[in-house]
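Okay, structure first, notes after.
The values are calculated or read from the model by the stated rules, or taken from the named source; none is laboratory data. All values derive from a computational prediction rather than experimental measurement. With ideal geometry, Cβ positions are generated from the backbone for all residues, glycine too; neighbour counts draw on all protein chains shown. Ligands, DNA and RNA are excluded from the accessible area calculation, which covers all protein heavy atoms including side chains. Shrake-Rupley method; radii C 1.70, N 1.55, O 1.52, S 1.80 Å.
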Amino acid sequence: MTSNKHSALLIVAHGSTVNPDSSAPTLEHAQEIRHREIFADVECGFWKEEPSLRDAIFLFDPESIREVYVVPNFISEGYFTQTVVPRELELSGRITRRPNGQIWRYCEPVGNHPLMTELLLKRARDVAPDVDPAETSLLIVAHGTDLNENSAVAAKRETEKIRALGKYAAVLNVYMEESPLVSDWRKLTKSQNVVVVPFFISDGLHSYEDIPRLLGIVVAAVVDRGQPGSPPPATAHGEIFRHNPYAIDDRELFYAPSIGTDPGFADIIIEQANVAAKS
């Protein structure tokens, strides 16, 4: 996308009132895009944090900003991208013309872009650079359950695309709360090496604690939480990702940060805006 001094980018995300790391990747991607000077302005809006989605309507001066590209930083289409964001931003469809003359273009969520497959492969390589993929199983972990059905579908889609490449011994989509369960990884895989990538926008309780417990990582790490001067818990703010590989049942398990923390998401956000600009 070429530089446009009359356009702005709004990245919208869920955010959280209890997890400060929830908005961090979105803010970091926004900062990276600002540095590239493609848009006259780059801002973020959140459902559960400030600035709110409703306030985001007023972030851009209609005199200088004629177009606003809205990119949802979500893994998949769903309730938030189809209902909450359009309602809060008062969007009437893919293209909305404001009374002040601004044109707002509503883009596809980042998780729908074909580059997502490449990012998942890159993350798997980064966390386990020295293992042979042919002797490795790759697990893509989503939440599961009917409350988040579309993310489960997205995880399955990406799994099928990576499996078709024939790089890994096995590629499985697994879930926290529905079958196939991530907690059954020992039964589901036969390879010596297992790489696990959480299919989430940001790191938080799921990636720091829930999934590691289901994998058996927390028990395997044996970190002393109670002694003064002891190292931080394995589940604390990224510490869990710094102890790879984990030796569990004579196998090696590599655990990656959530896919949404990858810097490559900045490229996907720009690409989604680029697609909307051409439509």
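Values for this structure:
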quantity: Positive-end residue of Tyr246, Tyr79, Leu205, charge dipole of the chain with Cβ unit charges; calculated: Tyr79
quantity: The chain: relative contact order in percent, alpha carbon pairs under 8 Å with at least 6 residues between; calculated: 20
quantity: Over 18 Å [Cα-Cα, the range 1-65], rounded percent; calculated: 38
quantity: Straight-distance crosslink candidates among aspartates and glutamates, where the alpha carbon sits under 13 Å from Lys5 and sequence neighbours closer than 8 are dropped; calculated: Glu37, Asp41, Asp61, Glu63, Glu67
quantity: Largest-first ordering by accessible area, 1.4 Å probe, given options Glu88, Glu209; calculated: Glu209, Glu88
quantity: Cross-link partners of Lys122 among lysines (Cα-Cα below 25 Å; sequence separation of 8 or more within a chain); calculated: Lys156, Lys161, Lys167, Lys190
quantity: Charge dipole (debye, nearest 20) of the range 103-225; +1 at Cβ of Lys and Arg, -1 at Cβ of Asp and Glu; calculated: 300
quantity: Between helix 24-36 and the chain: long-axis angle, C-alpha atoms, 0 to 90°, nearest 10; calculated: 50
quantity: The chain: antiparallel DSSP beta bridges as a percent of all, rounded to 5; calculated: 15
quantity: Within the accessible area of the chain (1.4 Å probe), percent carbon and sulfur; calculated: 52
quantity: Translational diffusion coefficient (Stokes-Einstein; Kirkwood radius from C-alpha pairs) of the range 38-181 at 20 °C, 1.002 mPa s, in µm²/s; calculated: 122
quantity: For the range 1-147, share of DSSP beta bridges that run antiparallel, in % to the nearest 5; calculated: 15
quantity: Contact order relative to length of the range 69-144, as percent, for alpha carbon pairs under 8 angstrom and 6 or more apart; calculated: 33
quantity: Unit charges on C-beta of K, R, D, E only; dipole of the chain, Debye; calculated: 620
quantity: Difference of contour (0.36 nm per residue) and Cα-Cα distance, Glu118 to Glu28; calculated: 30.4 nm
quantity: Among Ser22, Ser191, Ser64, residue whose mean-square fluctuation peaks in a GNM of the chain (springs only between Cα atoms under 10 Å); calculated: Ser64
quantity: Residue order for Arg213, Arg98, Arg242 - accessible surface, 1.4 angstrom probe, largest first; calculated: Arg242, Arg213, Arg98
quantity: Per residue value of the accessible surface for the chain (all protein chains in place, 1.4 Å probe), Å²; calculated: 47
